[in-house]
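Below is one structure, written out as structure tokens; comments come after it.
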Amino acid sequence: MNDIVLRLHKVTKTYGGNGNIPLVEIFKGLDFKVKRNEVVGLFSPSGSGKTTFLQIAGLLDSKCSGDIYINGSKVNPKNDFQTSMIRRKNIGFVFQFHHLIQEFSALENIILPLLFDGTSKKIAVKKGQHLLEKVGLGKRMDNRPAELSGGEQQRVAICRAIINEPALLLADEPTGNLDQSTTSKVMTFLIELIKEHSISAIIASHNPIISQIVDKNAKIESGKIVYN
Ligand SMILES: Nc1ncnc2c1ncn2[C@@H]1O[C@H](COP(=O)(O)OP(=O)(O)OP(=O)(O)O)[C@@H](O)[C@H]1O
Ligand SMILES: [Mg+2]
């Protein structure tokens with residue numbers, strides 16, 4: 001196991017430059033590292049490039065240049081198959097809007113990544129139940145997303161993102177549509193799970209509560225990421 005879970009080297013990203021869309025340079029020669037077990041908060045104004053950064057770190061952007069290493073191995077963005085295998089094995093995502101599958105129960109939603117990876121249903125269900133109990137949803141496992149509150153849905157999304165214990169969790173405004181007290185609760189669960197499973201994380205947000213509970217605070221400045 002490598003001590004540096006994510007490393008970006010000289011990453012450059014531009015948008016536009018064709019038709020009526022002006023060329024914008026979001027990152028220029030960005031270098032960035034996340035160590036094992038480290039939780040980094042990314043706090044920058046709207047439009048500064050947080051989501052773009054998480055997409056690059058999550059290997060979802062094949063149109064950036066530079067080198068990306070996950071657990072010390074260089075990713076070849078031109079190789080879709082390799083990239084998606086690395087992503088599935090190492091990276092979990094939590095989005096502002098949780099994207100849970102409406103037809104499935106909370107438990108079914110979270111065990112899906114394990115079933116995809118070939119875990120037996122019995123083991124997946126046991127692990128899923130344990131996680132949902134941990135985040136206070138032991139009595140809500142069979143509810144569908146529409147039968148859960150916003151904060152409960154977000155907790156389900158967090159369980160889904162970490163159930164196969166990714167090396168790196170990327171969270172984009174994970175509590176963007178929650179009130180302060182629910183944000184506090186959801187974040188406490190998230191950090192507890194991250195620490196328990198030795199996961200590294202990058203959490204992009206505008207919320208000051210989150211900046212108080214991460215290990216390091218960073219921001220995007222002049223096309224680079226700098227620590228505060
Ligand atoms: N597909 C695209 N084509 C052109 N420009 C884009 C595209 N996606 C994003 N941008 C621009 O890139 C900049 C960075 O966007 P990004 O979504 O990464 O910001 P953000 O920091 O996540 O903002 P927010 O806090 O509002 O979510 C913005 O100015 C945005 O308009
Ligand atoms: Mg964003």
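As a summary of the residue check, residue 97 satisfies the conditions (1) buried (at least 16 other Cβ atoms within 10 Å of the Cβ); (2) within 29 Å of residue 46 (Cβ to Cβ); (3) of a type in the set (A, V, I, L, M, F, W, C) except for the one numbered (1). Exactly one residue out of 171, 167 is of a type in the set (A, V, I, L, M, F, W, C), open to solvent by 10 Å² or more (accessible area, probe 1.4 Å) and in contact (Cβ under 8 Å) with a residue 40 or more places away in the chain: that is 167. When you scan region 217-226, do you find a residue that is in contact with an Asp or Glu (Cβ under 9 Å, 6 or more places away or on another chain) and not small (Gly, Ala, Ser), even just one? Yes, region 217-226 contains a residue that is in contact with an Asp or Glu (Cβ under 9 Å, 6 or more places away or on another chain) and not small (Gly, Ala, Ser). Across region 94-130, the number of residues qualifying as within 21 Å of residue 60 (Cβ to Cβ) and either in contact with a strand residue (DSSP E or B) (Cβ under 7 Å, 6 or more places away or on another chain) or assigned to a loop (DSSP other than H, G, I, E, B) (or both) comes to 9. Can you name the residue in region 198-210 that is more than 16 Å from ligand 2 (Cβ to nearest atom) and modelled with pLDDT under 90 and is also surrounded by the fewest Cβ atoms within 10 Å (Cβ to Cβ) among such residues? The extreme case among them is 208.
Of 56, 68, all but one fail to be within 16 Å of ligand 2 (Cβ to nearest atom) and either among the charged types (D, E, K, R) or under 24 Å from residue 194 (Cα atoms) (or both); the exception is 56.
Residue count for region 36-54, restricted to those that are within 12 Å of ligand 1 (Cβ to nearest atom), in contact with a strand residue (DSSP E or B) (Cβ under 9 Å, 6 or more places away or on another chain) and open to solvent by 20 Å² or more (accessible area, probe 1.4 Å): 4. Out of 25, 38, one residue alone is in contact with an Asp or Glu (Cβ under 7 Å, 6 or more places away or on another chain), more than 16 Å from ligand 2 (Cβ to nearest atom) and of a type in the set (Asp, Glu). It is 38. Need pairs with beta-carbon distance below 9 Å; first residue closer than 21 Å to residue 87 by Cα and within region 43-62, second within 9 Å of ligand 2 (Cβ to nearest atom) and of a type in the set (A, V, I, L, M, F, W, C); sequence gap 6+ or separate chains. Short answer, once both residue conditions are applied: 50/204; 51/204; 53/204; 54/204; 60/54. Each residue in region 148-185 was checked for being under 16 Å from residue 92 (Cα atoms) and more than 16 Å from ligand 1 (Cβ to nearest atom), and 16 pass. If you go through region 186-197 and keep only what is open to solvent by less than 70 Å² (accessible area, probe 1.4 Å) and either closer than 22 Å to residue 90 by Cβ or of a type in the set (Phe, Trp, Tyr) (or both), you end up with 189, 190, 191, 193, 194, 197.
The values are calculated or read from the model by the stated rules, or taken from the named source; none is laboratory data. Worth saying up front: this structure is predicted, and the values here are computed from it rather than measured. Positions of Cβ are backbone-derived with ideal geometry, glycine not excepted, and every protein chain shown enters the neighbour counts. Remember, those area values only see protein heavy atoms, side chains included, never the ligands or the DNA or RNA. Shrake-Rupley method; radii C 1.70, N 1.55, O 1.52, S 1.80 Å.
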